[in-house]
1. Can you tell me which residue among 433, 450 is assigned to a loop (DSSP other than H, G, I, E, B) and more than 17 Å from residue 515 (Cα to Cα)?
2. Those residues that are over 22 Å from residue 181 (Cα atoms) and not in a loop (DSSP other than H, G, I, E, B), I need them from the stretch 276-302; list them, please.
3. Just a yes or no: is a residue in the stretch 263-277 among the hydroxyl-bearing types (Ser, Thr, Tyr) and in contact with a strand residue (DSSP E or B) (Cβ under 6 Å, 6 or more places away or on another chain)?
4. With (1) under 16 Å from residue 192 (Cβ atoms); (2) out of contact with any His (no Cβ under 9 Å at 6 or more places or on another chain) as the list, and residue 100 as the residue in question, which single condition is left unmet?
5. Restricting attention to strands (runs of 3 or more DSSP E) lying wholly within the stretch 19-107, give those where 2 or more residues are without any contact (Cβ under 8 Å) to a residue 40 or more places away in the chain and charged (D, E, K, R).
6. Could you tell me which residue of the stretch 436-447 is nearest to residue 298 (Cα to Cα), considering only residues that are part of a strand (DSSP E or B) and touching a residue at least 60 places away in the same chain (Cβ under 8 Å)?
7. State all residues of the stretch 311-368 that are in a helix (DSSP H, G or I), of a type in the set (Ser, Thr, Tyr) and buried (at least 20 other Cβ atoms within 10 Å of the Cβ); if no residue qualifies, say none.
8. Using the structure shown, decide if residue 458 is touching a Phe, Trp or Tyr at 6+ places or on another chain (Cβ under 6 Å), assigned to a loop (DSSP other than H, G, I, E, B) and touching a residue at least 40 places away in the same chain (Cβ under 8 Å).
Amino acid sequence: MKSKISLTGFLCLYFCLSALCQVPIKQFDALFHKRFPYDGPGAAVLMTRDGKVLYEKAFGMANLEQGVPMKMTDVFRIGSNTKQFTAVAILKLEEEGKISLKDDITKYIPDYPTHGKTITIENLLTHTSGVKNYTGLPGFKDLKRKEVTPKAIVDFFKDAPMDFDPGTDFRYDNSGYILLGYIIEKITGEPYTQYLRENILQPAGMAHSYYDEPQQLIPGRISGYKKTGDHYANADFLDMSLPYAAGSLLSTAGDLCQWYQALASGKIISQGSLERAWSSYQLPGGRPTGYGYGWFMGNVQGSPSVKHVGVVNGFVTYVAYLPKEKITVVILTNSEATGDLDVPASEMVAAALGKPYQFGTFPLKSAELETYQGVYHTPYDGDKVIQLLDGHLEYFYRGGGKQELLPCGKDRFYIPHTLMSFTFAKNAAGQISGFTLNSTVLPVTAMVSSEKVVSENPIRLNHDALDQFVGKYKFNGFVLEIERAGDTLYGKVGNDKKEMVPFAADKVFARDMDATLIFTRDNDGKINGMAKIQNSEMNAKKIE
């Protein structure tokens, strides 16, 4: 008897196979094999669409000392990816009428010093509380080997001065999520770990996710590493009671994909609550922070995403989800030396969307590049400068590092080795009026100002002329040393060494930083000092 398949089933099968064909598996294999060689710390990489696996592979080692290869079922510390679970727990309690996001935290922690301000639950969720980040406080290192209670952590940071008035600014901090975990315990009467396990992890079907307790036997829990010079070493010890509700969960790649399945299905919280969590919080005046409740906002080739990075002793993890396309990508690593995972993850998702990041070449002459020069104003992020330097179009903020812009299309540019691209707009007269910057976060729009920017071209100086600049210059608080190597000048402060390019008499600019040095001379024509212009002007005397 022949089996039958309906038209709907056929189309479903077709589109599933088409989705799989969009993913360049060999390309991804090569990408991650290069990042995670077989004899080093490894990674578990998983990408799914609506629960169906698009890519799944483990790389490198789970344990270097015993030579144990990584497996997809291995259990990793997920660091700050814990925050989304804490946020969902708060939203669940809100739906049950046990808490309001507008509540002052002193309703639950009466003795917490708010310095006369109102700190709301929503402020904690969105990193807009102004509470000082406890991991940056003196004495934090002394706590790393101690088992601490949630109250003890709160007591450690509660008297620190606030960074800003609640609700007026955004600054990522772990302290807010420590307070949220403590408040969950106050409301429920249960330890955070128990409440999370029974009300979040188990209902989501996450059978291989845990609160990181060293005494518990956890199948598949792996070792974490750091890099010292050219060699790997075991990560520094951290008692996992210290990250608590801001970063103490363990999970697998499969469980984290299951988490998004559960969220999308409405098993844990309502779609309305989820939409609020996945929307950027806005400060007064409309400035978006790029963070919701437990997630950063992002996008991949125009498709909105929610995502987070987790960094904790021995581990770096990355999780992202595209709500519209129902695509999840998880990269879990057991090394602190992993680097930025947002780029490979976004490249994977873009391929699954059928919109791979591809920046071609589009030759432009110097005169054409000059037309893009200008000072561009962004509403919430200050001024950005685009300038032609030594034939290269550079993008930077005042006093910041320079990034080269390469043309890839008509009025389109990109920054090499990133996923950042610029689309320039023109007015009716054909003049550049602004740009839109697209990357893996919220798009940024900037308008060109009336301030003019002039291109700078190097001049060639012989060795005798260059040697006049060589020496040490004493500023208030540091010494800048000018060196020559062949035809090239370098400016050096400590171990930081940058190429300096002559462009006018006694003037040089930094190749990769918005900084200019203007040398001064005495009455005999000998160089006796300099002015350093980088945001502001600083002066120095030549001391040798």
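1. Numbers: 433 fails: assigned to a loop (DSSP other than H, G, I, E, B).
Just one listed residue meets the conditions, 450.
2. Listed by number, the residues that qualify are 282, 288, 297, 298, 299, 300.
3. no
4. It fails just one condition, (1).
5. Details: elements: 43-49, 52-59, 61-63.
Output list reads 52-59.
6. Among residues in the stretch 436-447 that are part of a strand (DSSP E or B) and touching a residue at least 60 places away in the same chain (Cβ under 8 Å), the one nearest to residue 298 (Cα to Cα) is 438.
7. 346
8. Spelling it out, residue 458 is indeed touching a Phe, Trp or Tyr at 6+ places or on another chain (Cβ under 6 Å), assigned to a loop (DSSP other than H, G, I, E, B) and touching a residue at least 40 places away in the same chain (Cβ under 8 Å).
The values are calculated or read from the model by the stated rules, or taken from the named source; none is laboratory data. In this text, all values refer to a predicted model and were calculated from it rather than measured experimentally. Note that each Cβ is placed from the backbone with ideal geometry, even for glycine, and that neighbours are counted across all protein chains shown.
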